[in-house]
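Engineer: Handing you a structure now.
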Amino acid sequence: MKIRALAVVGVVTVGLSLTACGSSDGGSEGTAAAPKTGTVRLWLNGEDTPQAMVDYATAEFTKTHPGSKVVFERQQWTGIVEKLTTSLSSADTPDVVELGNTQAQAFEAGGALKDLTDKKADLGGDDLVQSLVEAGTYDGKFFATPYYGGARIVFYRKDLLAKSKIAIPTTTQEFVDAGIKLKADNATVKNFSGIYYPGKYWYAALPFIWDNGGDIATKDSDKWVGKLASPESVTGLTTVKTIMDKASGAPKDSDEAKDYIAFCKGQVAMLMGPGWKGGQIINKDDGCPAMESKLGAFALPGKTAGTTAPAFLGGSNLAIAAKSKNQDLAYDLLKILSSDGYQKKFAELGLLPSKKSLLADVAGGEAAKAQATAAENTRFVPASENWAAVEASTVLPDMLVSIAKGGDVTTEAKKADGEIETALNR
């Protein structure tokens, strides 16, 4: 999930720091122990968690907490930042909440969530999916444990790769070379892409940057420093430029929102997208269900054979409200939601569970398996409460569009670094 309103994030960061951190209204560390019985309010967002899973968690909780109960309240993603901002600041706060991974930092920085650093090992420790751990960590402290995720993978036309006698790529170079050959082999198709790469698609650039040792920005003491112009990042961005120049026929000034339309028109051999992209491609309304038998998926390979490029993992984290009056009970529920028994149910649905040891259990077709493989090597955007300002500024897609249109990689990266530093250090 992305934060949809930058102005709201400002309210989160400032408002919650005033209300949650210094509050004496029960539940924060150092207060009296939580009661042995009570009510735990659980907020989960959207429809990714089926009611059957909620029922399972509730039943497990009541087995060990007779006299206590879980009150479940399903929220919608639209408007959730505003709703959490208000609710977590109030005396009537929910106890356990779900946060989109790019939303979590603002609430962590604002003091709205309980510090779980001493509970991290109990919740999964080193077995937790790393990029979601990064999303749940602020200033060296752990506030929000991973819940579930979805990784970006490569979807491809099995028939076109077979026709060009191309095997599934096992390295970055093989992937790029395959895209270039596929474009050449289908040159008679207008706007054909061996690898569909529209100019604004910054999520897809990150694996190439990270796999070469680069980054968007890193923290040096108390200041963020842009790293897109580093030699490592420039190497990754140069690979992206090669894909855009030689393997892609996608618009240089567009995003990936309609990539499935181009796929269904027969204009795409391979594209990088989130795990649910396959369902979008074959949906019956504006997709192409007949393409299902030709659709394959694999994890984006890394520089070295047998490795995967670091993937940006979307998903959610779970946290306990700093002002929860029943923090002990809330933590016991959180442990159930993080348990293998519960998390395996996500795997059965084809979603990525919170633990690396359970990724092999992900059910479904090639896309589900590819996601599980990709999720073994994931990264996250800079862990700053001001990250939303970077996204809102469109600095990353603007940089890539300039590169796609012929701009010098290093020059454009330096411009982006300056804007990113301004946004993160405000």
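The numbers here are math on the coordinates, done by the rules we state, and not lab data. Note that the structure is a prediction, hence the values are computed from the model and not measured. So basically every Cβ, Gly included, is an ideal-geometry build from the backbone, and we count neighbours across all protein chains shown.
Engineer: If we count every other residue with Cβ under 13 angstrom of Ile261's Cβ, Lys/Arg +1 and Asp/Glu -1, where does the sum land?
Structural biologist: Values: positive: Lys258, Lys265, Lys277; negative: Asp255, Glu256, Asp259, Asp285, Asp286.
Once positives and negatives cancel, what remains is -2.
Engineer: Okay, next question. Most fluctuating residue of Pro146, Pro66, Pro169 in a GNM of the chain with Cα springs under 10 Å: which is it?
Structural biologist: With Cα springs under 10 Å in the chain, the top fluctuation among Pro146, Pro66, Pro169 is at Pro66.
Engineer: Percent relative contact order of the chain, based on C-alpha pairs within less than 8 angstrom and at least six residues apart?
Structural biologist: Once divided by the residue count of the chain, the mean separation gives 25 percent.
Engineer: Report, in whole Å, the centroid distance computed from the Cα atoms of region 116-132 and region 286-313.
Structural biologist: About 28 Å separates the Cα centre of region 116-132 from the one of region 286-313.
Engineer: Which value in deg cm²/dmol, rounded to the nearest 500, describes the helix-derived mean residue ellipticity at 222 nm for the chain, given -39,500 (n - 2.57) per DSSP H run of n ≥ 4 and division by the residue count?
Structural biologist: Details: 18 runs with 165 residues, N = 426.
So the calculated ellipticity at 222 nm is -11000 deg cm²/dmol.
Engineer: Continuing with this model, one more query. Based on the alpha carbon coordinates of region 311-426, what radius of gyration and maximum Cα-Cα distance (Dmax) apply, in Å?
Structural biologist: 19.6, 58
Engineer: Now for a separate question. Using alpha carbon centroids, what distance separates region 203-251 and region 173-200, in Å?
Structural biologist: If we compute the Cα centre of each part, the gap is 20 Å.
Engineer: Also, quick follow-up: Can you list the lysines whose alpha carbon is less than 21 Å from that of Lys181, not counting same-chain residues fewer than 8 positions off?
Structural biologist: Lys158, Lys163, Lys165, Lys190, Lys241, Lys246, Lys252, Lys265, Lys294, Lys303
Engineer: If you average the sequence gap of Cα pairs under 8 Å that are 6 or more apart and divide by the length of region 102-154, what percent do you get for the contact order? All intermediate terms of the calculation are to be shown ahead of the outcome.
Structural biologist: On the way: 47 pairs, mean separation 21.8, N = 53.
Result for region 102-154 is 41 percent.
Engineer: Another question about this same structure. For Thr307, which sequence-distant residues (separation of 5 or more, or a different chain) have an amide H within less than 5 Å of its own amide H, given hydrogens modelled in the peptide plane?
Structural biologist: Result for Thr307 returns Gly302.
Engineer: Under a 5 Å amide H to amide H cut-off, with H placed in plane at 1.01 Å, what residues pair with Phe72 once short-range neighbours are removed?
Structural biologist: Leu42
Engineer: Could you tell me the ratio Rg/Rh of region 96-255? Both radii from Cα atoms, Rh via Kirkwood. Before the final figure, lay out the partial values.
Structural biologist: On the way: Rg = 19.9 Å, Rh = 18.5 Å.
Rounded to two decimals, Rg/Rh equals 1.08.
Engineer: Something else: Find, among the trypsin sites (Lys or Arg not before Pro) in region 143-185, those assigned to loop by DSSP (not H, G, I, E, B) with at most 12 other beta-carbon atoms within 10 angstrom. Before the final figure, lay out each step's value.
Structural biologist: Details: sites: Arg152, Arg157, Lys158, Lys163, Lys165, Lys181, Lys183; in loops: Lys165.
When the trypsin sites (Lys or Arg not before Pro) of region 143-185 are filtered for loop state and at most 12 Cβ neighbours within 10 Å, Lys165 remain.
Engineer: Of the listed values [x] 53.6; [y] 19.9; [z] 23.6, identify the label whose number matches mean projected area of the Cα convex hull in nm² calculated from this model.
Structural biologist: [y]
Engineer: In debye, nearest 20, what is the charge dipole magnitude of region 211-309 about its Cα centre with +1 on Lys and Arg Cβ and -1 on Asp and Glu Cβ, if you could check? Can you show the working numbers first?
Structural biologist: Working: 12 positive and 13 negative charges, 46 e Å.
So the magnitude is around 220 debye.
Engineer: Using the Karplus equation 6.51 cos²θ - 1.76 cosθ + 1.60 (θ = phi - 60°), what ³J(HN,Hα) coupling, rounded to whole Hz, does each residue of region 171-177 give in order, writing x for Gly and Pro?
Structural biologist: 9, 4, 4, 4, 5, 5, 4
Engineer: For Asp220 and Lys246 in one chain, what is 0.36 nm times their gap in residues minus the Cα-Cα distance, to one decimal in nm?
Structural biologist: Working: separation 26, 0.36 × 26 = 9.36 nm, distance 3.69 nm.
Here the answer is 5.7 nm.
Engineer: Here's something else I'd like to know. Short version: ³J(HN,Hα) in whole Hz for each residue of region 278-284, in order, from phi by Karplus 6.51 cos²θ - 1.76 cosθ + 1.60 (θ = phi - 60°), x for Gly and Pro, what are they?
Structural biologist: Using θ = phi - 60°, the values come out as x, x, 5, 4, 9, 5, 7 Hz.
Engineer: Sticking with this structure for a sec: Whole-Hz ³J(HN,Hα) for each residue in region 320-335, computed from phi via Karplus 6.51 cos²θ - 1.76 cosθ + 1.60 with θ = phi - 60°, x for glycine and proline: what do you get?
Structural biologist: 9, 5, 4, 9, 4, 8, 10, 5, 5, 5, 4, 5, 4, 5, 4, 4
Engineer: Arranged from highest to lowest average of other beta-carbon atoms within 10 Å per residue, in what order do the peptides 312-325, 209-222, 374-387 appear?
Structural biologist: Details: 312-325: 25.8, 209-222: 17.6, 374-387: 21.9.
The peptides rank, most packed first, as 312-325, 374-387, 209-222.
Engineer: Still on this model: Give, in nm to one decimal, the length gained when the segment between Ser254 and Ile168 is fully stretched (0.36 nm per residue of separation minus the Cα-Cα distance).
Structural biologist: Result for the pair: 28.2 nm of gain on full extension.
Engineer: Could you give the semi-axes, largest first, of the ellipsoid that matches region 177-301, computed as the square roots of 5 times the alpha carbon gyration tensor eigenvalues and rounded to whole Å?
Structural biologist: Details: eigenvalues 181, 55, 28 Å².
Square roots of five times the eigenvalues give 30, 17, 12 Å.
Engineer: Once you charge only the Cβ atoms, +1 for Lys and Arg and -1 for Asp and Glu, what is the size of the charge dipole of region 48-165 about its Cα centre, to the nearest 20 debye? Before the final figure, lay out each step's value.
Structural biologist: On the way: 13 positive and 17 negative charges, 148 e Å.
The dipole magnitude comes to about 700 debye.
Engineer: Could you size up the charge dipole of region 45-95 around its Cα centre, putting +1 on the beta carbon of Lys and Arg and -1 on that of Asp and Glu, and report it in debye to the nearest 20?
Structural biologist: Working: 4 positive and 8 negative charges, 28 e Å.
Computed about the Cα centre, the dipole is about 140 debye.
Engineer: Residues of region 188-216 with the amide nitrogen closer than 16 Å to a label point 7 Å from the Cα of Asp408, along Cα-to-Cβ, please.
Structural biologist: No residues fall inside that zone.
Engineer: List the residues whose amide H sits under 5 Å from the amide H of Asp215, counting only those 5 or more places along or on another chain, with H placed 1.01 Å from N in the peptide plane.
Structural biologist: Here the answer is Ser233, since their amide H atoms fall under 5 Å of that of Asp215.
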